[in-house]
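Encoded as structure tokens, the structure appears first; notes follow it.
The values are calculated or read from the model by the stated rules, or taken from the named source; none is laboratory data. If you're wondering where the values come from, they're calculated on a predicted model, not measured in any experiment. Positions of Cβ are backbone-derived with ideal geometry, glycine not excepted, and every protein chain shown enters the neighbour counts. Note: accessible area is taken over every heavy atom of the protein model, side chains too, but ligands, DNA and RNA are not part of it. Shrake-Rupley method; radii C 1.70, N 1.55, O 1.52, S 1.80 Å.
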Amino acid sequence: MSAWEKLYSKRISTLRPSPIREMLHVIRQPGMISFAGGNPDPQSFPVDLFYECASILKEQGKDVLQYGTTEGYAPLKEFLCSWLAPRMGRSLSQDELLITTGSTQVVDLLCWALIDKGDLVITEEPTFVGTTLTMHNHGAHFLTVPCDAEGMLVDQLPNKIEEALSQGKHVKFIYTIPNFHNPLGCTMSLERRKKLVEIAQKYGIAILEDDPYAYIRFEGEDLPTLFSLDDSGLVIHACTFSKILAPGTRVAWAVGNKDIIRKMAIFKQGTDLCTSVVAQALVYEYCKRGYIDEYLPHIVDHYRKKRDNMEECLRKHLPLEEVSWVTPGGGFFYWLQMKTIKTADLYPKALEKKVAFVPGESFYPNQNGGEHELRMCFTFASPKDMDEGIKRLGEAMRELLKK
Ligand SMILES: Cc1ncc(COP(=O)(O)O)c(C=O)c1O
């Protein structure tokens, strides 16, 4: 027994490592073609434009190398308040915006503000494991709602909420990824968005709208954000520069009612004082020079080609009588559903053939589902690897179908 055992907090007994992060050593094996991690393609990073912005270190070094305010670097906040206005349905005031260290931190800070051990969070099922782990670490329990091609089946919400309330449970917020869902790839319809906001308002439950993929849209029109559909101040909108610039910046933001933003800022004071000012200043300079708007279409085109490529390879190599999917209109992911093959059988066989994906189980917050499902990220592999990797996956599936 290590000397640490008697020092650990009680919550360490419920600690869950991230299945995706834990897979990194598997993915890095030589010859492995991975569709597992959800990383942006480094080819999409605007390295030269970002490097140009580094000139500010010489001009403003004495300011940006200093600690900053917890709420965020003021010029960046000012920029975002107007840049975000079309999506948010109105211009924002600075006290409605908090800069965070990744949008993962928005989830963390909201949990600090809302979650006591055993409180309920409603999530789509499946949903992104990274953020539900954060909620789990805060002691949240999960009430889950299934999805179809139009997102969360919001009609199921009232019964589930009523039942939880009748058992004396506290339902604190509804967590949703409305655009190009991770892992499902689906987008919530306008009708469901309106209903979701109505239900949240009726029960006085907050909504955490996690929207990192909104700008990575390959076709069709933007749908209104939940934030813009709400007039009660119950929606917290989270977004990030991770997918529209680079995740290494770790610059993201939360938009919401000024009271909850203030509470989250106070928790942030005790978490990391402030998000890296250097990173915020570089991101601001990039935005101010117009590069964000200029370069975003390149990123979207780049990923659209990758999505098209994956669609073609899936159709070409997989047993279509066994596997189905909804083609994502944006974002990073395909969610494959198999009729009979168990993911637990497919996974080791795929690894033997040097191809990796994330098994569906990882995305079920109550760890009860996904036995025939898997997530494939299309952003990373080169066209050649995409073809070869999906061919190997198809072979693994056919071998299992023969058994
Ligand atoms: C749905 C979702 N939320 C949050 C994040 C984390 O983003 P960030 O890099 O801003 O912490 C991701 C990253 O993959 C994501 O897919």
Item checked: Among the candidates Leu184, Leu80, residue that is surrounded by 15 or more Cβ atoms within 10 Å (Cβ to Cβ), closer than 24 Å to Ser232 by Cα and either in contact (Cβ under 8 Å) with a residue 24 or more places away in the chain or within 16 Å of the ligand (Cβ to nearest atom) (or both) -> Leu80
Check: What number goes with the only condition from (1) more than 16 Å from the ligand (Cβ to nearest atom); (2) surrounded by fewer than 19 Cβ atoms within 10 Å (Cβ to Cβ); (3) part of a helix (DSSP H, G or I) that Asp222 does not pass?
Finding: (3)
Item checked: Residue match in segment 253-261 (condition: buried (at least 22 other Cβ atoms within 10 Å of the Cβ), away from the ligand (no atom under 16 Å from the Cβ) and more than 17 Å from Thr104 (Cα to Cα)) -> no
Note to self: I'm trying to understand the selection: among the residues of segment 128-145, which are under 16 Å from Ala113 (Cα atoms), assigned to a loop (DSSP other than H, G, I, E, B) and open to solvent by 20 Å² or more (accessible area, probe 1.4 Å)?
What the structure shows: His138
Next item on the list: Check Val300, Val278 and return the single one that is in the same structural domain as Met397 (by TED's automatic domain parsing) and either more than 16 Å from the ligand (Cβ to nearest atom) or in contact with a Ser or Thr (Cβ under 8 Å, 6 or more places away or on another chain) (or both).
Entry: Val300
Checklist line | Selection within segment 1-51 - more than 24 Å from Val300 (Cα to Cα), assigned to a helix (DSSP H, G or I), open to solvent by 80 Å² or more (accessible area, probe 1.4 Å) and without any contact (Cβ under 8 Å) to a residue 40 or more places away in the chain | finding: Glu5, Lys6, Leu7, Lys10, Ser13, Arg21, Glu22, His25
Next item on the list: Restricting attention to segment 146-171, report how many residues are surrounded by 18 or more Cβ atoms within 10 Å (Cβ to Cβ) and away from the ligand (no atom under 16 Å from the Cβ).
Entry: 4
